[in-house]
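Trainee: Take this structure, written in structure tokens, and hold onto it; I'll ask about it next.
Bear in mind that the values in this text are calculations on the coordinates, not laboratory data. If you're wondering where the values come from, they're calculated on a predicted model, not measured in any experiment. A quick note on method: Cβ atoms are made from the backbone with ideal geometry, for glycine too, and the neighbour counts reach across all protein chains shown.
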Amino acid sequence: MDPELEAFVPLLPRLDLSDPITARKGYAELATSRAAPATTDMEIEDRTVPADPDVPVRVYRPRQGHGGAVVWLHGGGWVVGDLDTEHAWAARVAAASGAAVVSVGYRLAPEHRFPAALDDAYAVLTWTAEHAAELGIDPERIAVAGHSAGANLAAALALRARDERGPSIRFQVLNEPSLDDRQETWSARHFTDTPWSNRDHVTAAWRHYLGSAPATPYAAPARATDLSGLPPAYIATAEFDPNRDEDIAYAVRLLQAGVSVDLHQWPGTFHGSQAILSAAVSQRQITELGAALRRALAE
């Protein structure tokens, strides 16, 4: 493990998803205790996207933006997280990419199981494209992106938009995505005590998200049999992450389907370790993610 990250492992809290209410409270306290990034160079606005039910969003517009946009989906196992806990991530993505970021406050499981979160995300994607002029963006330069469970939603959005001939998606960013509920890969089976996320954590997240319903490709994109015609992708994986091998396999399948992929496996990292901003590898990860978006979206 990267020594800068390893020093923090004893200090990391265990996020117990067996009690979603307590987990949300603990996650919120942890997220809001971190130093917020500077946002003086961007406009930030809370909006509501009309849907059934309405979806809260927070829009980050860099004053020197290039006209591209990112629909950003937060992580948290579909169980925890909201616009406030995701503020630091979304602001950093906007600053690093130069794109307007629409952060999505989607409904959480287990109160709202699949496809609630995906329906919310799709409503926001559609709204972003339809309100491009108002938002000051180009509707042909929209990316979908997210971390962990949010990256699952981003991948599912790409599949659904392709199948339903929905809004045009220029690019997809899948940061340590949860893609396969079957948990049959080597990393999913063997990483039982990795920091922050491990096999039990992933199992609980999928249980809350799916309930007793079988997984479809929109719930678990690794189950999709046809990956052709999807937007180019940047996929980032962490070495000590149960999701690692399913993410690499998905990247390879995208390539085999004719989709351009930038796959970056970060050595010495674990799931969500980018939150340890003092580590040089975390800074490189965030910079690379932002640069990938800038390259894809800037004219």
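Trainee: Using +1 at the Cβ of each Lys and Arg and -1 at the Cβ of each Asp and Glu in the chain, identify which of 248, 124, 271 lies farthest towards the dipole's positive end.
Mentor: Of the options given, the answer is 248.
Trainee: Now, a different point. If we sort 29-41, 87-99, 221-233, 69-81 on the protection proxy, mean other Cβ atoms within 10 Å, highest first, what's the order?
Mentor: Descending mean neighbour count gives 69-81, 87-99, 221-233, 29-41.
Trainee: Which whole-number percent is the relative contact order of segment 12-115 (Cα, under 8 Å, 6+ apart)?
Mentor: For segment 12-115, the relative contact order is 30 percent.
Trainee: Enumerate the residues in segment 64-105 having an amide nitrogen under 18 Å from the point lying 7 Å beyond the Cα of residue 40 toward its Cβ.
Mentor: Hits in segment 64-105 for residue 40 at 18 Å: 64-65, 91-92, 95-96.
Trainee: Give the long-range amide H neighbours of residue 42: residues separated by 5 or more places, or on another chain, with amide H under 5 Å away, using H modelled in the peptide plane at 1.01 Å from N.
Mentor: Correct list: 63.
Trainee: While we're on this one: Taking only DSSP H segments of four or more residues, each worth -39500 (n - 2.57), what value at 222 nm results for the chain once the sum is divided by all its residues, to the nearest 500 deg cm²/dmol?
Mentor: Calculated from helices alone, the mean residue ellipticity at 222 nm is -11500 deg cm²/dmol.
Trainee: Figure the gain on full extension for residue 225 and residue 164 (residue separation times 0.36 nm, minus the Cα-Cα span) and round it to one decimal in nm.
Mentor: 20.3 nm
Trainee: Just how large is the dipole of segment 3-297 about the Cα centre, in debye to the nearest 20, putting +1 at every Lys and Arg Cβ and -1 at every Asp and Glu Cβ?
Mentor: My answer is approximately 320 debye.
Trainee: In percent, how large is the relative contact order of the chain, given Cα pairs closer than 8 Å and 6 or more residues apart?
Mentor: Value for the chain: 20 percent.
Trainee: What residue among 28, 154, 9 has its Cα farthest toward the positive end of the dipole of the chain, where the charges are +1 on Lys, Arg and -1 on Asp, Glu, each on the Cβ?
Mentor: Farthest towards the positive end: 154.
Trainee: Over segment 113-224, what is the relative contact order in percent, taking alpha-carbon pairs closer than 8 angstrom and at least six residues apart?
Mentor: Relative contact order, segment 113-224: 28 percent.
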